[in-house]
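The values are calculated or read from the model by the stated rules, or taken from the named source; none is laboratory data. If you're wondering where the values come from, they're calculated on a predicted model, not measured in any experiment. Every residue, glycine as well, gets a Cβ built from its backbone with ideal geometry; the counts of neighbours run over all protein chains shown.
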Amino acid sequence: METLLLNAKDKGATDAAAKILKNGGLVAIPTETVYGLAANAFDAKACENIFIAKGRPGDNPLIVHISDMEMLNEVVSEIPEGAKILAEKYWPGPLTMIMKKSEKVPDVTSANLPTVAVRFPSHPVAREIIEKAGFPLAAPSANLSGSPSPTSFEHCVHDLMGRVEGIIDGGASSVGVESTIISLAGEKPVLLRPGYVTLEQLQEVLGEVMVSHAVLEKLEEGEKVLSPGMKYKHYAPKAQVTLIKASSDDYVKYVNEHAKDGVYALCFDEEAEKLSVSTVTYGSEFSDEQQAEHIFDALRIIDESGAEKVFAHSPKVTGVGLAVYNRLIRAAGFDVIEL
Ligand code: AMP
Ligand code: MG
């Protein structure tokens, strides 16, 4: 298929994107978290095509993106009190909330679950496209299933050229990791995926928030989870990745002791010059926000480098660091060394 490449800065670009979506097509769009592969959330056929274009397992539900609170009423059957408060504080922004779905949401969109994931993005291009389309957009990350989430137009072109009707360039994603996901559909709020809106911030608003054990740990074979996406080995680079939990000095010492051809370090900016192997950095040790912004690009660079073995320095597991850790431990297939 021919893929129309658009630039959000060009006149008429968001109109062209909205037109494709109205015709039931797919467009990769920029959001503040990562790029999303969008389709009309109410069009079962269009949503089915998202799964095909990405090679995504059919039991992994899509996030539905809205551009105003009226659209929320169309998508969910009830809005829990906690969701109202969180929406007030964190929408538009990188927070996805799970609620009971309305009848308008097709089963394919929610992967047959009685609930739906909803987000109100803050990215002006994403919002403009939803507004012009006039319906909510189902949009998972715009990567091929299994590869790192795309944080730039170039990442989307690399993965989806010839597989979707359009890709629109809106610059690099500023957050860099996918949205925080919290379920408000059960009795107690549960954090299903950590992101830029932190667990600490959610606790401040809601009081007790449970953390799904899939956030930090590997699932058992066949284990049932609240968030189906968490059971897949995401973001798997071609190289074998080991996550090292250690102080900066101990990490540098360990990697230098294990230096040989094909070994790479995925490290913090401050460590690169102390290491005797090839390095790819993913931000300052002292900024979890920078780490989130750069982690997926760093994983793609590692993939293209031909690295065979990667020692990744683990981020802290507090604040936004928990989101970075959650992605990296999956990239490492849960192979962790604690020094
Ligand atoms: P992606 O859009 O690629 O970031 O993936 C969407 C994530 O949202 C996946 O991990 C899904 O498991 C999760 N998700 C979407 N809808 C639901 C839902 N109704 N209940 C639980 N998790 C969901
Ligand atoms: Mg994804």
Per-region count, region 115-165, residues within 13 Å of ligand 1 (Cβ to nearest atom) and charged (D, E, K, R)
2
What number of residues within region 186-222 are basic (Lys, Arg) and within 16 Å of ligand 2 (Cβ to nearest atom)?
1
Please work out which residue is surrounded by the most Cβ atoms within 10 Å (Cβ to Cβ), limiting yourself to region 308-331 and to residues that are in contact with a Pro (Cβ under 9 Å, 6 or more places away or on another chain) and of a type in the set (Gly, Ala, Ser).
ALA323
In a strand (DSSP E or B) and among the β-branched types (Val, Ile, Thr): is that true of VAL125 in this structure?
no
Tell me which residues, restricted to region 57-77, are surrounded by fewer than 17 Cβ atoms within 10 Å (Cβ to Cβ) and at pLDDT 95 or above.
ASP68, MET69, GLU70, ASN73, GLU74, SER77
Scan region 297-310 and tell me whether some residue there is over 20 Å from GLU338 (Cα atoms), without any contact (Cβ under 8 Å) to a residue 60 or more places away in the chain and among the basic types (Lys, Arg).
no
Can you pull out every residue in region 220-238 that is within 27 Å of GLU308 (Cβ to Cβ) and at pLDDT 70 or above?
TYR235, ALA236, PRO237, LYS238
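What number of residues in region 267-282 are touching a Ser or Thr at 6+ places or on another chain (Cβ under 8 Å) and in a strand (DSSP E or B)?
Matching residues across region 267-282 total 3.
Only residues that are of a type outside the set (Val, Ile, Thr) and touching a helix residue (DSSP H, G or I) at 6+ places or on another chain (Cβ under 9 Å): list them for region 205-216, please. Reasoning before the result, please.
Keep residues of region 205-216 that are of a type outside the set (Val, Ile, Thr), which gives 206-208, 210, 212-214, 216.
Hits for region 205-216 are LEU206, SER212, ALA214, LEU216.
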If we keep only residues of region 168-183 that are assigned to a loop (DSSP other than H, G, I, E, B) and closer than 21 Å to GLY319 by Cα, then the residue nearest to ligand 1 (Cβ to nearest atom) is GLU178
Can you find even one residue in region 103-110 that is in contact with a Phe, Trp or Tyr (Cβ under 8 Å, 6 or more places away or on another chain), aliphatic (A, V, I, L, M) and more than 30 Å from GLU293 (Cα to Cα)?
yes
VAL197 - would you say it is touching a strand residue (DSSP E or B) at 6+ places or on another chain (Cβ under 7 Å), at negative phi and assigned to a helix (DSSP H, G or I)?
no
Keeping to region 220-259, report how many residues are over 19 Å from the mean Cα position of the chain (by Cα) and not in a helix (DSSP H, G or I).
17
Please determine, by comparing only the residues of region 12-56 that are within 14 Å of ligand 1 (Cβ to nearest atom) and among the basic types (Lys, Arg), which one is surrounded by the fewest Cβ atoms within 10 Å (Cβ to Cβ).
ARG56
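Go through the residues of region 220-236 one by one and say whether even a single one is under 24 Å from GLY176 (Cβ atoms) and away from ligand 1 (no atom under 16 Å from the Cβ).
Residues of region 220-236 under 24 Å from GLY176 (Cβ atoms): 227-236.
Filter again for away from ligand 1 (no atom under 16 Å from the Cβ), leaving none.
There is no residue in region 220-236 that is under 24 Å from GLY176 (Cβ atoms) and away from ligand 1 (no atom under 16 Å from the Cβ).
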Residue list for region 223-253, filter: of a type in the set (Lys, Arg), within 16 Å of ligand 2 (Cβ to nearest atom) and surrounded by 14 or more Cβ atoms within 10 Å (Cβ to Cβ)
LYS231
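Got a sec? Which of GLY319, GLY229 is at positive phi and in contact (Cβ under 8 Å) with a residue 12 or more places away in the chain? Please lay out each step first, then the result.
Numbers: GLY229 fails: at positive phi.
That would be GLY319, the only listed residue that is at positive phi and in contact (Cβ under 8 Å) with a residue 12 or more places away in the chain.
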